[in-house]
């Protein structure tokens, strides 16, 4: 399950043809699992709205469980989340005329202003499957009626083999503690993904305070050379690609003779590597420190924005370990790693937006080079395995059932 | 002059076909009277600009009389109202090169920078008929040369029959005192209109301070049941439709068993009913209190904005009654009724905008129900009787004569 | 080299046809020299970006000399000027992956993250010729490979004949001191140009503090009457047109009988006249005072913005004269002439924008008159002599070589 890096010697048109569907995935990948809220953001009886792939979704917690419906009243199209109204544990009521929907089925069960209207029972809102684990609420954003709904684990990086020496926690591990932040970035989601595991952008982070503080050895660049530089995942389970930086098939660039630059930092992190899985989940093993893992999502909001999720996970089998990790997260990792260090990535993604946005020529004019092999690999995998694409739409309001 | 409510049993496509012209009236209805300014906003020799149906209009008061011209100098197209210049009582001069127009005819009578240019006398700006009554300056926004210009009274709600027991003042009554406010709302004008007389949105206002303070009986909803629920006006005079809430053919919804809701308020207002007339004038009889009438306009500015006018009228045959009403208006009705109460309506109109705006699917996907019969009725009446439609335009600059 | 003023008697369609290319020059004239920065804005080793005709350009000073490259990394399209990185005197490095270009040729000479990638040496960025004189850095914004590159002097107003009695300094004179400001204006560049030398807009400035303070005689208008009112420059050298206000063929309008207006000011400035040359350089001789010259540029940024440059030049053969002029500039001319006086022009340009912008009808509906002969003349000259037009583009990213 590995493939050689795509090299510039290959005609661009051929490589490009193989990821053509990817260039059209402007509004995101449909029929996949995405994080919606941190569990702490949605208390009992709260209801809040988000947009994923342009689709407005309202999530409500009742009796501890979280339900998700299309956040657009069937009557006059208003978002119900802007003034949530709930009167029973199993319904959601629109603030405008009182259209009231069953949380589980999405069916219109009554209208406050007209309880016995003939459309009661006839109309329904699309519902979305929800899962909640380790502090994150996930929602499956799919076409109405799409099935079977895959397991959440299919849309997350896979668990490391038990015999692998450099273990990090999986997002669904029972003893994993997962802490993080999310924010909105003004770039297309694909520029977020590609920035995340790009092995050539290390250099951008060279002066980051956390790198300097920990004296981390950060190469100027990483260039794939041999057949084992990249591992692709195309069998059963999650689909993705991994940079095997320790494989010996990656050249580690430590200096630029021409510009008089030298990589800094004495402390090499063993087992550090990055991988990306559909629908755009980054895994950085042993980052920001050995034993931790950083996971990221770039959830499509619309064609020009994504919700950037970044979390750090640690296995904490005991309460004391959990307390220690929470302390380290609060005092160090949140601001220095997820904050300052990743701020450079946000800057880079927004800087690319104009080139790749509608009217720009980025997809045709970009000059990819050898170190971009993993990016080309990712694009091809998406083109082969995405369960669906969201089509461009200014005001996304598909028909209701 | 009444018609049965359109019911859901009627195929949507048939109902929709009957108000198709209405769905295209994005920029407003042409050849109708609209309020432009309160009289108090335009002092002697002042000149100020507005936009109606996308058309820039400048109004100037000279010797007490108000004149209206297209607010776009024929020369280089600038709006004259942004730096008004007037040197005589019968002209308006452009601040840029001194193109000077006759207030009454719109003809170019001189150019400051070139008094004897051959185009003087040749060029003219469109003029608009103006009427002023009871503190409001009205302008007739028409196609150039449209005639005959109808009476202002044709575009206002009609006077109540003399023998009707629950009298309220008409806008043109000599003893009516009319006080109000205006503000710009970020929604299409039609969403403003439809929100205004929608009998199902009562519920939205249930917690409004004025409702609570006066312990007003506000039903949860009003559902038309019989042939007398609605009266349509399609003969001579103003064209419109009225909700006959007291007809006995309207079901008054006082509770929602399913959601455990109960209408509140002990004080029922006799004679309370709403009606709407072309080009979008709402009349609420006996609101915000018995004997008063609230009138509203939703003047199209462009495709995404309307100027929302709300006024309260009272018959005040004596100076003492006028003083009392002005006191009540200043201390109570302005902020509590036109302000706080109607703020909920602004919220609702702007919340619908995305669904119905260009690129949205609201006009096709909305799920109207029985209580929306009056809205469908209004749409059909506009489709039959509008004197013209303004076509979509980004920078509205029709040819000058 | 003169031509009679275009008069209204000429059918508009014929005149319009002669400047049709001009109406299409929405994004500016290509293959011309434009000012980029004041010398004082770009210190040694600094790198800064601008946009001209929609093209991003980065300028860098190294060893005193200024170089200009396309400000868009070939790799992923980011603007390099937003986080400049330079490690040697002859290169410019992109902050993202370290793509490094030769300042002189634009060739990719190394990549920090991948020094021996095969594309090194293959890829290159477009470079732009630069000249610096009397405190202004000029850049030649051309199509890639355009040649021969004309002298800078070809794109500036010509030097006055040596025997002309009312001398003012030329921008390239060795003893000229040139001081000024630049700011961004929200209008198309052509509205800037046309406002600059428009002889009918004098009137707009009548109440400007500097005019009142100096009691300057400012006519209400200037109307061309005879064959010598305008001089056109269509032979060798710069191409342009000049208002010959002192020729006797210009009517000076001193009053408006109809409006009771009288021109004010006792002090007439001898030799005052305006001219405009491709690609849009205004020269006002003996303004803001006798012996000075004001020059202006309206550098196209995109379709809706231009960079407005205004400078005052004075011949200062001795250091004492230079000191005196700098004092007068700092204390008077900058704020009172380039500031307050020209603020009225900015107001006028932005006021025209809507009429002439995309979707507006200005180019068809404007009502030009006799005094606009020089504007029509300018439009025809541009249509005949422009070296190229920039085509409309939302995200200007032409292919790299």
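In the calculated pair distance distribution of region C:32-131, what percentage of Cα-Cα distances lie above 15 Å? Display every interim value, and only then the final one.
On the way: 2797 of 4950 pairs.
Counting pairs separated by more than 15 Å, the tail of P(r) holds 57 percent.
The mean number of Cβ atoms from other chains found within 10 Å of a Cβ in peptide A:112-125 is 6, as a whole number.
Computing FRET efficiency as 1/(1 + (r/R0)^6) for residue C:331 and residue C:105, where r is the C-beta to C-beta distance and R0 is 60 Å, gives about 0.85. Label region C:63-113 by shape, choosing from rounded, prolate and oblate, from the square roots a ≥ b ≥ c of the eigenvalues of the Cα gyration tensor; if a/c is under 1.5 it is rounded, and otherwise prolate applies when a/b is larger than b/c, oblate when it is not. Verdict is prolate for region C:63-113. Across region A:253-331, the convex hull enclosing all Cα atoms gives 185 Å³ per residue.
Got the relative contact order for region B:156-305 handy, in percent, Cα pairs under 8 Å and 6 or more residues apart? Value for region B:156-305: 27 percent. Rounded to the nearest 0.05, the FRET efficiency derived from the C-beta distance between residue B:361 and residue C:343 at R0 = 45 Å is 0.45.
Across region A:35-131, C-alpha contacts under 8 Å between residues 6 or more apart give a mean separation that, scaled by the residue count, equals a relative contact order of 20 percent.
The long axis of helix C:342-356 is offset from the longest Cα principal axis of chain C by roughly 80 degrees.
Between residue B:323 and residue A:236, the distance separating the two model label sites (each 7 Å from Cα on the Cα→Cβ line) works out to 9.2 nm.
Cβ crowding within 10 Å ranks C:331, C:239 as C:331, C:239, fewest other Cβ atoms first. What is the Cα centroid distance between region B:228-257 and region C:315-389, reported in whole angstrom? Answer, in whole Å: 62. Here residue B:118 yields copy-to-copy label distances, from shortest upward, of 7.0, 7.1 nm, the label point defined as 7 Å from Cα along Cα to C-beta. Taken residue by residue and averaged, Cβ atoms of other chains lying within 10 Å of the Cβ of C:349-358 number 5. Relative contact order of chain B, taken over Cα pairs closer than 8 Å and 6 or more residues apart, is 23 percent. Kirkwood hydrodynamic radius computed over chain A comes to 22.5 Å, based on all pairs of distinct alpha carbons. Taking the fewest neighbouring Cβ atoms within 10 Å as the starting point, the ordered list for C:385, B:96 is C:385, B:96. Legend: mean number of C-beta atoms from other chains within 10 angstrom of residue C-beta atoms, peptide C:95-103, equals 5. In the protein assembly as shown, the ratio of gyration radius to Kirkwood radius, Rg to Rh, stands at 1.02 when only Cα atoms are counted.
Each copy carries a label point for residue A:335 at 7 Å from Cα along the beta-carbon vector; from one copy to the others these points are 4.2, 4.2 nm apart, nearest first. Helices in chain B, meaning DSSP H runs of at least 4 residues, each add -39500 (n - 2.57). Divided by all residues, the mean residue ellipticity at 222 nm is -4500 deg cm²/dmol. Ranked by the mean number of other Cβ atoms within 10 Å per residue, highest first, peptides C:172-180, C:274-282, B:14-22 order as C:274-282, C:172-180, B:14-22.
Label-to-label distances for residue C:225 across copies, nearest first, come out at 8.7, 8.7 nm, using points 7 Å from Cα in the beta-carbon direction. Counting other Cβ atoms within 10 Å as a rough exposure proxy, the listed residues B:225, B:60 run B:225, B:60 from fewest neighbours to most.
Laboratory data are not the source of any read-out in this text; all were calculated from the coordinates shown. Small disclaimer: the values here were computed from a predicted structure and weren't measured. Here the Cβ is made from the backbone with ideal geometry for all residues, glycine too, and neighbour counts use every protein chain on show.
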